[in-house]
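Student: Following this message is one structure expressed as structure tokens.
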Amino acid sequence: MARFKTALKYSEVTPKADFLNRRQLMAGAAGLTMAGGITTGLATPAAAALNAAKSKWSTDAEPTSLEDITSYNNFYEFGTGKGDPAQYAKALTTDPWSVEIGGLVNNPGSYALEDILKDMTLEERIYRFRCVEAWSMVIPWVGFQLSDLIAKADPQGNAKYVAFETLQRPEEMHGQKNGSFPWPYVEGLRMDEAMHPLTIMATGLYDEPLPNQNGAPLRLVVPWKYGFKSIKSIVKITLTEKEPPATWNIINAREYGFYSNVNPEVSHPRWSQASHRVIGGGLFAKKEPTQMFNGYGDDVASLYEGMDLSKFF
Ligand SMILES: Nc1nc2c(c(=O)[nH]1)N[C@H]1C(S)=C(S)[C@@H](COP(=O)(O)O)O[C@H]1N2
Ligand SMILES: [Mo]
């Protein structure tokens, strides 16, 4: 299948002009805000290039533009509008950053992000991304397999779930001053889902470090589940025996299940999940049929054998 290809970097498979254009666009936009309209039109050198090799798990689908990926976001810590994260997430300090790993592991501790990354292999993973709100993107993430990090933590035999927690820092995340939301944002996976090779911790996209609005410096990506499972700006990972709480499930369990696998046959109580809007193309945005498990069924359907997916949604 298309996935099994030789390792190629995104910059090698995209016409170079296209690639530079995207960077130029960003450089131009930055120039506009910083220098009051004066832009040079020169591409910024990719100073922070991560040079991650393209993984065999990548899709061949055309990635959404960097501009759309970084300006149409859900990150309620910075406000509920799609443009709020791009505007306000600049306030977040992502260095230094550490992640507390604990619960049912033999190597618990607070780990500096750079120490975690020393042991991990970064790859480019171009994944389809489907939000429960019925829109989709294709995102060229850079990240490492969560399974590698969990293996380092050395799970104990009774660990059945992995719980994740986002940073809580209302001074920098103004949305957290909104008391009607149960901060911090939390999420969880079953152990086999967390260990699946498609499940990654992303630290970048378009071969550069993750922009703050996309969940810097470290966020989960689970491409066969609705986007809200892919929790951003993670500071805590805990292995547990019991199913951990998940923010949207706490808010409305009838609308958002713990599993939240992409499923065109199980409608959201307020809208159909049979199709979605492809972000990009402005007025000419396409609609596409939604695929079971967001098209990753060959790889993940076996995880749910024997489960009634209309009940465990
Ligand atoms: N901490 C946190 N993580 C979050 C969210 C959020 O509001 N807070 N939104 C989720 C939702 S609904 C989606 S669709 C994705 C959006 O990721 P993106 O902005 O990188 O596309 O992040 C998910 N992770
Ligand atoms: Mo979402």
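Student: Starting from the residue with the highest accessible area, list M191, M201 in decreasing order, probe 1.4 Å.
Tutor: So, going from the largest accessible area down, we get M191, M201.
Student: Determine the per residue accessible area of region 163-206 with all protein chains present and a 1.4 angstrom probe, expressed in square angstrom.
Tutor: Spelled out: the 1.4 Å probe surface of region 163-206, per residue, equals 33 Å².
Student: Which whole-Hz couplings ³J(HN,Hα) result when phi for each residue of region 115-121 is put into the Karplus expression 6.51 cos²θ - 1.76 cosθ + 1.60, θ = phi - 60°, listed in order with x for Gly and Pro?
Tutor: 3J(HN,Hα) across region 115-121, in whole Hz: 6, 4, 5, 4, 9, 10, 9.
Student: Can you pull out the GluC sites (Glu not before Pro) in region 157-218 whose DSSP state is coil and whose Cβ has at most 15 other Cβ atoms within 10 Å?
Tutor: Sparse-neighbourhood loop GluC sites (Glu not before Pro): E171.
Student: Quote the relative contact order of region 240-313 in percent (integer), defining contacts as alpha-carbon pairs under 8 Å separated by 6+ residues.
Tutor: Relative contact order of region 240-313: 28 percent.
Student: Shifting gears a bit: If you plug each phi of region 291-301 into the Karplus form 6.51 cos²θ - 1.76 cosθ + 1.60 with θ = phi - 60°, what whole-Hz ³J(HN,Hα) values come out, in order, with x for Gly and Pro?
Tutor: 9, 3, 6, 6, x, 9, x, 4, 8, 10, 4
Student: Further question on the same structure: When the C-alpha atoms of region 235-303 are aligned to their principal axes, what extent does each axis show, in angstrom, from largest down?
Tutor: Between the extreme Cα coordinates on each principal axis of region 235-303 lie 46, 30, 27 Å.
Student: At what distance in angstrom do the alpha carbon centres of region 236-313 and region 50-77 lie from each other?
Tutor: One Cα centre to the other: 19 Å.
Student: Among the trypsin sites (Lys or Arg not before Pro) within region 204-313, which fall in a DSSP loop and have no more than 13 other Cβ atoms within 10 Å of their own Cβ?
Tutor: Of the trypsin sites (Lys or Arg not before Pro), the ones in loops of region 204-313 whose Cβ has at most 13 other Cβ atoms within 10 Å are K242, R254, R270, K286, K311.
Student: Stokes-Einstein at 20 °C, 1.002 mPa s, Kirkwood radius from Cα pairs: D for region 84-206 in µm² s⁻¹?
Tutor: Stokes-Einstein gives a translational diffusion coefficient of 130 µm²/s.
Student: So if I take the centroid of the Cα atoms in region 170-222 and the same for region 99-154, what is the distance between those two points in Å?
Tutor: 9
Student: With θ taken as phi - 60° and the coefficients 6.51, -1.76 and 1.60, list the Karplus ³J(HN,Hα) couplings across region 194-199 in order, rounded to whole Hz; mark glycine and proline as x.
Tutor: 5, 7, 5, x, 6, 7
Student: Right, another one. Using label points projected 7 Å from each Cα along Cα→Cβ, tell me how many nm separate T93 and A112, to one decimal.
Tutor: Here the modelled spin labels are 1.6 nm apart.
Student: Percent relative contact order of region 120-176, based on C-alpha pairs within less than 8 angstrom and at least six residues apart?
Tutor: For region 120-176, the relative contact order is 26 percent.
Student: For region 121-274, what ratio Rg/Rh do Cα atoms give with a Kirkwood hydrodynamic radius?
Tutor: With Rh from the inverse mean 1/r over Cα pairs, Rg/Rh is 0.95.
Student: Right, something else. Summarise the accessible area of region 236-285 (1.4 Å probe, protein heavy atoms) by the percent that is carbon and sulfur.
Tutor: 55
Student: Sticking with this one: What full-extension length gain, to one decimal in nm, is calculated for I250 and E67 as 0.36 nm per residue of separation minus the Cα-Cα distance?
Tutor: 62.7 nm
Student: Give me the percent relative contact order of region 270-313, please, defined on Cα pairs under 8 angstrom at least 6 residues apart.
Tutor: Across region 270-313, relative contact order equals 25 percent.
Student: So with the 1.4 Å probe, I'd like the accessible area per residue for region 48-143, rounded to whole Å².
Tutor: With all protein chains present, region 48-143 gives 41 Å² per residue.
The values are calculated or read from the model by the stated rules, or taken from the named source; none is laboratory data. Note that the coordinates shown come from a computational prediction; the quantities given were computed from them, not determined experimentally. A quick note on method: Cβ atoms are made from the backbone with ideal geometry, for glycine too, and the neighbour counts reach across all protein chains shown. In case anyone asks, the SASA skips ligands and DNA or RNA and just uses the protein heavy atoms, side chains included. Shrake-Rupley method; radii C 1.70, N 1.55, O 1.52, S 1.80 Å.
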